[in-house]
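First up is the structure itself, then whatever we jot down about it.
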Amino acid sequence: MNKKNGYAAGQAFIGIAVFLLIYTYFYYSTFQPVPGAAGSWAVSLLLSMTAVLAGLLIEMGRFWGWVIEVKIDTDLLILQGGPAAVLSLLPAPFWLQVGGHTYPYIFFADPVVTGIAGVWFGVVLFRSIFNNKRIKEDIEDKKKT
């Protein structure tokens, strides 16, 4: 399998994995709900986990087929990861218990905010920990083309 086919197969795998994550969230929140207050916490935590994992997988798609190295970027992790983690990992019932149904707590508790912030946090988390490592052969191949 050449490099281009491997990349396409990897992107297809990531797309299927993200879809399955989203469908799993949908299935468990719609058809397998836990009754009562525990259910709202469970659905919120499942949404947070789904969104963060989807963000990690989406960002991993940029690195598919490349050598990656662990290189922690603390500035990115603190400046963008902090707010994204707060918005994505703290579940909706927490915000509603802290501030009730008033602004800005209803904004923080909204599932759309949690989902978007979770994807943002997953992307930031992956970018701040891993980095593309260019190897000598790749640089020479690009110069030839």
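The values are calculated or read from the model by the stated rules, or taken from the named source; none is laboratory data. Bear in mind that the values here come from a model prediction, so they are computed numbers and not experimental data. As a convention, Cβ positions derive from the backbone with ideal geometry for all residues, glycine included, and neighbour counts pool all protein chains shown. Only protein heavy atoms, including side chains, enter the accessible area calculation; ligands, DNA and RNA are left aside. Shrake-Rupley method; radii C 1.70, N 1.55, O 1.52, S 1.80 Å.
Explain nothing, just the number: relative contact order of the chain, from Cα pairs under 8 Å at least 6 residues apart, as a whole percent.
Here the relative contact order equals 32 percent.
Which percent of the accessible heavy-atom area of the stretch 17-74 goes to carbon and sulfur, probe 1.4 angstrom? List each step's numbers first, then the result.
On the way: 2620 of 3560 Å².
The C+S portion of the solvent-accessible surface of the stretch 17-74 is 74 percent.
Between Asp75 and Lys133, what's the calculated FRET efficiency when r is the beta-carbon distance and R0 is 25 Å? Round to 0.05.
Calculated transfer efficiency: 0.80.
What is the packing order of peptides 58-69, 25-36, taking the mean over residues of other C-beta atoms within 10 Å and listing the highest first?
Details: 58-69: 14.6, 25-36: 11.9.
Ranking, from highest mean packing down: 58-69, 25-36.
For the stretch 34-61 and the stretch 10-24, what is the centre-to-centre distance using only Cα atoms, to the nearest Å?
15 Å
Mind grabbing the accessible area of Leu125 for me, 1.4 Å probe, Å², rounded to tens?
40 Å²
Among (1) 1.28; (2) 2.02; (3) 1.15, which one is Cα Rg over 2.2 N^0.38 Å computed from these coordinates?
The calculated read-out lines up with (1).
Using DSSP H assignments, which helices in the chain have an axial alpha-carbon span of 30 Å or above and a mean Kyte-Doolittle hydropathy of 0.0 or higher?
3-30, 37-63
For Gln80, what charge total do you get from the other residues with a beta carbon under 14 Å from its beta carbon, if Lys and Arg give +1 and Asp and Glu give -1?
Numbers: positive: Arg127; negative: Glu59, Asp73, Asp75.
Residues close to Gln80 contribute a combined charge of -2.
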